[in-house]
Amino acid sequence: MVRPIIPHRFPYIPGTDVAGEVIDIGPGVKDFKSGDKVVTKLDLLSGGGLAEFAVAKESITVPRPPEVSAAEGSALLVAGLTAHQALTGPAEVKLDGSGKQTNILITAASGGVGHFAVQLAKLGNTHVTATCGARNIELVKSLGADEVLDYKTPEGAALKSPSGRKYDVVIHCATGIPWSTFEPNLSENGKVVDLTPNASSFLTFAVKKLTFSKKQLVPMNMSAKRENLAYLVDLVKEGKVKVVIDSKHPLSKAEDAWAKCIDGHATGKIVVEP
């Protein structure tokens, strides 16, 4: 049982990412004891973190070092894991920098997943172009992006790289951008990793597969792994990844946090605290 601090995000069910202190343990728990500071993911279907206490599984719980605040730990989990999986899975980026040069586009780069994707991508051998709103351009540059587009400008809406690069991979964290906008900006074997896939995404995926197209759309669903979460926590501890927190709200005002999330213009993550 954990006393949680919860990040709020959309479209995920609220209260599935928590950081807090272990209050009690079950009989099968081996790696933790009462008083330990942890970061954990709750069951996605039931949530449960918007409460004074939460029950977590040991299999997706990791220690939180003192260098990582509870707010940072709670905000890191699903967003960070999603960015990590997209980059190391479909994008095939080696985060130790040993891989081939890859040109990457990250949409909605100032959001929860996007701001982690920029930083993780730059650990690899990548050139990163990112999109965001005008007010967040300097922030996204500070996170490591090589080029930043204001998505409201004609160039940004068209996803045109300022340097004329074609993208080998797009980490698509936004919604509402059709395949026809991506396709002319992709390299010969370019792919779009869609983190918020809908029916249209799956249709495009199927058509591209059936027609043996070199350019692909890859719908992705995140699967949480304990070792990957521990890796991300270590990156934050070492100062190699920064957690951007938009705002913090008390648990009694959780509805304000949710409303801000629904608005869709948060920079980084929104956190609910006890």
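Does region 210-219 include one or more residues that are out of contact with any Leu (no Cβ under 9 Å at 6 or more places or on another chain) and of a type in the set (Phe, Trp, Tyr)? Checking region 210-219: at least one residue is out of contact with any Leu (no Cβ under 9 Å at 6 or more places or on another chain) and of a type in the set (Phe, Trp, Tyr). Taking the conditions (1) of a type in the set (Val, Ile, Thr); (2) more than 12 Å from Gly73 (Cα to Cα); (3) surrounded by 18 or more Cβ atoms within 10 Å (Cβ to Cβ) in turn, Ile262 satisfies each one other than (3). Being under 26 Å from Gly73 (Cβ atoms), in contact (Cβ under 8 Å) with a residue 24 or more places away in the chain and open to solvent by 60 Å² or more (accessible area, probe 1.4 Å) is a property that holds for Lys225.
Scanning region 212-270 for residues that are touching a strand residue (DSSP E or B) at 6+ places or on another chain (Cβ under 9 Å), among the small types (Gly, Ala, Ser) and at pLDDT below 95 returns Ala224, Ser247, Ala254, Ala257, Ala266, Gly268.
Scanning region 204-218 for residues that are under 17 Å from Thr181 (Cα atoms), out of contact with any Gly (no Cβ under 6 Å at 6 or more places or on another chain) and not small (Gly, Ala, Ser), we see that the one that is least open to solvent (accessible area, probe 1.4 Å) is Leu217. For region 38-68, the set of residues classified as touching a helix residue (DSSP H, G or I) at 6+ places or on another chain (Cβ under 9 Å), among the small types (Gly, Ala, Ser) and surrounded by fewer than 23 Cβ atoms within 10 Å (Cβ to Cβ) consists of Ala51, Ser59, listed by residue number.
Residues in region 149-189 that are in a helix (DSSP H, G or I) and under 27 Å from Lys209 (Cβ atoms) were compared, and the one that is most open to solvent (accessible area, probe 1.4 Å) is Ser180. Would you mind stating whether Leu123 is in contact with a Leu (Cβ under 6 Å, 6 or more places away or on another chain), open to solvent by 20 Å² or more (accessible area, probe 1.4 Å) and touching a residue at least 40 places away in the same chain (Cβ under 8 Å)? Yes; evaluated as a whole, the condition is true for this residue.
Each row is one residue, and each column tells you yes or no for (1) assigned to a strand (DSSP E or B); (2) modelled with pLDDT under 95; (3) within 15 Å of Thr82 (Cα to Cα).
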position: Lys94; (1), (2), (3): no, no, no
position: Leu105; (1), (2), (3): yes, no, no
position: Ala108; (1), (2), (3): no, no, yes
position: Phe116; (1), (2), (3): no, no, yes
position: Asn136; (1), (2), (3): no, no, no
position: Lys191; (1), (2), (3): yes, no, no
position: Pro197; (1), (2), (3): no, yes, yes
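For Ala91, the conditions (1) in contact with a strand residue (DSSP E or B) (Cβ under 7 Å, 6 or more places away or on another chain); (2) free of Cβ contacts under 8 Å to residues at least 40 places away in the same chain all hold with the exception of (2). Taken over region 236-250, the residue count meeting the criterion of being touching a residue at least 40 places away in the same chain (Cβ under 8 Å) and either among the small types (Gly, Ala, Ser) or open to solvent by less than 60 Å² (accessible area, probe 1.4 Å) (or both) is 6.
In region 184-202 there is at least one residue that is more than 22 Å from Lys242 (Cβ to Cβ), of a type in the set (Val, Ile, Thr) and touching a Leu at 6+ places or on another chain (Cβ under 8 Å). Looking only at region 70-89, residues that are open to solvent by 30 Å² or more (accessible area, probe 1.4 Å) and either modelled with pLDDT under 95 or not hydroxyl-bearing (Ser, Thr, Tyr) (or both) come to 3 in all.
The values are calculated or read from the model by the stated rules, or taken from the named source; none is laboratory data. Here the structure is a predicted model, which means the values were calculated and not measured. Using ideal geometry, Cβ is built from the backbone for each residue, glycine included, and neighbour counts are taken over all protein chains shown. Ligands, DNA and RNA are excluded from the accessible area calculation, which covers all protein heavy atoms including side chains. Shrake-Rupley method; radii C 1.70, N 1.55, O 1.52, S 1.80 Å.
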